[in-house]
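To start, the structure under review is shown below, and the notes come after it.
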4 protein chains.
Amino acid sequence: MLDFCVVPLGVGVSVSTYVAECQRVLVERGLSHQMHPYGTVVEGEWDEVMGALRECHERVHAMGAPRISTSLRLGTRVDREQSMQDKLSSVERLLKA
Amino acid sequence: MLDFCVVPLGVGVSVSTYVAECQRVLVERGLSHQMHPYGTVVEGEWDEVMGALRECHERVHAMGAPRISTSLRLGTRVDREQSMQDKLSSVERLLKA
Amino acid sequence: MLDFCVVPLGVGVSVSTYVAECQRVLVERGLSHQMHPYGTVVEGEWDEVMGALRECHERVHAMGAPRISTSLRLGTRVDREQSMQDKLSSVERLLKA
Amino acid sequence: MLDFCVVPLGVGVSVSTYVAECQRVLVERGLSHQMHPYGTVVEGEWDEVMGALRECHERVHAMGAPRISTSLRLGTRVDREQSMQDKLSSVERLLKA
């Protein structure tokens, strides 16, 4: 699972067109993802997720951003499968209890 | 706007009880927030948001975690107001266009 | 212990003048810190460290950046004291062993 | 340029053996890198850097950590070459001026 927030430099303060382009990459590649107000969470195998991240950087550069600084959280686990929805549900169950 | 993901160390692999406790802090303090699969986004004035973050750390330590490593993104802007919903809406408009 | 990387938006691709200003904040406040190629690590009590971070944001805005997106790692522990040098030394001992 | 901090879960509070193993990966692969108190900065081409990151995760799992949460900053630029030392030097020049 990867949570990333792409910050293009040298293109002004509005970054929504670049964020939208990254969303398109995830849709085109058929990756399960969820946008939130300060980034996007995507889940999948390592190569799939990292390939998508790389294409995001390439497209944002191609759109005119000379420099990008992306902040990420990368979670891997080998003990069991856990989807994005599983993670949210386990917290929500505790909050309702 | 602050996006944070609290990772307690020394308490095993399941962190959902700690995440739930942090959600309670935000609710108790009446802060606008949104949980996602790899963190929580909260918006408000600096002191409000940082006070809540500090209480999260204090409570997670009090629950038994000897060590915490939190990853954060902190966004401030002085040009205009922009809510969490505004940020999402501006991207969604572009995706529909 | 806090590791932070301030990214000003809307001021071009060169961020070194803003990073230098943040270094001055840490020096003026007498906080123990260490700059590295992708951020700065600072150690101290919560209020000291967060006060310095806030002044960094305020000064970078005052220098003309309308928007800032900062990426942070925040580590707290209640089991024992550990300085920045302690952390490095414990890894270096293992590498030499 | 990549700054990363691997946090293994489910293996106690001491993470230095895991950090040391990641250092060994970088040395074995001949990648230019610099450890600091809250992570490690590495520079190189995308595939080299991401391949090393992946091997770090694989080895830390193999050492017994069922779950890993890594915090990263990833910087790419297409306007010019800039090494880790260049970044530090440009700030240091400003501080001395």
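All of the numbers you see were taken from the coordinates with simple rules; none came from a lab. Just so we're clear, the structure is a prediction, and the values are computed from it rather than from any experiment. Neighbour counts are summed over all protein chains in view; Cβ atoms, including those assigned to glycine, are modelled from backbone coordinates with ideal geometry.
The mean sequence separation of alpha-carbon pairs under 8 Å and at least six residues apart, normalised by the residue count of segment B:1-57, gives a relative contact order of 42 percent.
Ranked for footprinting exposure by Cβ neighbours inside 10 Å, fewest first, B:V13, C:V7 give B:V13, C:V7. Taking other C-beta atoms within 10 Å as the exposure proxy, D:V91, D:V27 rank D:V27, D:V91 from fewest upward. Exposure here means at most 12 other Cβ atoms within 10 Å; with GluC sites (Glu not before Pro) in a DSSP loop as sites, the longest stretch of chain B lacking them is B:1-44.
Just how many % of Cα pairs in the protein assembly as shown lie over 31 Å apart, if you round to the nearest whole percent? Counting pairs separated by more than 31 Å, the tail of P(r) holds 32 percent. Ordered by the count of other Cβ atoms within 10 Å of each Cβ, fewest first, C:R59, D:R73 give C:R59, D:R73. Axis angle, to the nearest 10 degrees, between helix C:46-62 and the longest C-alpha principal axis of chain C: 30 degrees. Running a GNM on chain D with Cα contacts under 10 Å, which residue among D:V15, D:V25, D:V49 ends up with the highest mean-square fluctuation? Looking only at D:V15, D:V25, D:V49, the largest GNM fluctuation is found for D:V15. Taking Cβ separations below 4.7 Å as the criterion for a possible disulfide partner, the isolated cysteines in chain C are C:C5. Quick one: Cα centre-to-centre distance for segment D:16-31 and segment B:20-97, in angstrom? If you average the Cα positions of each part, the centres end up 33 Å apart.
Placing unit charges on each Cβ (+1 for Lys and Arg, -1 for Asp and Glu) gives segment C:30-97 a dipole about its Cα centre, and among C:L95, C:M84, C:L72 the Cα reaching farthest toward its positive end belongs to C:L95. Scanning chain B for the beta carbon that comes closest to the axis linking it by rotation to C yields B:L72, 2, distance in whole angstrom.
Under a 5 Å amide H cut-off, with hydrogens placed 1.01 Å from N, A:H36 pairs with A:V41 among residues at least 5 apart or on other chains.
On a 0 to 90° scale, report how tilted helix C:16-28 is relative to the longest principal axis of chain C, with both axes built from alpha carbons and the result rounded to the nearest 10. Roughly 60 degrees, rounded to the nearest 10. The distance between label points at A:E45 and B:Q85 comes to 4.1 nm (points 7 Å beyond Cα on the Cα→Cβ vector). Annotation for A:S90, label-to-label distances across the other copies: 2.5, 3.5, 4.2 nm (shortest first, one decimal, point 7 Å from Cα along Cα→Cβ).
Computed from Cα positions, the angle between helix D:84-96 and the longest principal axis of chain D comes to roughly 50 degrees. From its DSSP helices (H runs of at least four residues, each -39,500 (n - 2.57)), chain B gives a residue-normalised ellipticity at 222 nm of -14500 deg cm²/dmol.
Dipole of chain B, Cα-centred, from +1 at each Lys and Arg C-beta and -1 at each Asp and Glu C-beta, to the nearest 20 debye?
Details: 11 positive and 13 negative charges, 65 e Å.
Dipole of chain B, to the nearest 20 debye: 320 debye.
Its relative contact order, with pairs defined as Cα atoms under 8 Å and 6+ residues apart, puts chain C at 42 percent.
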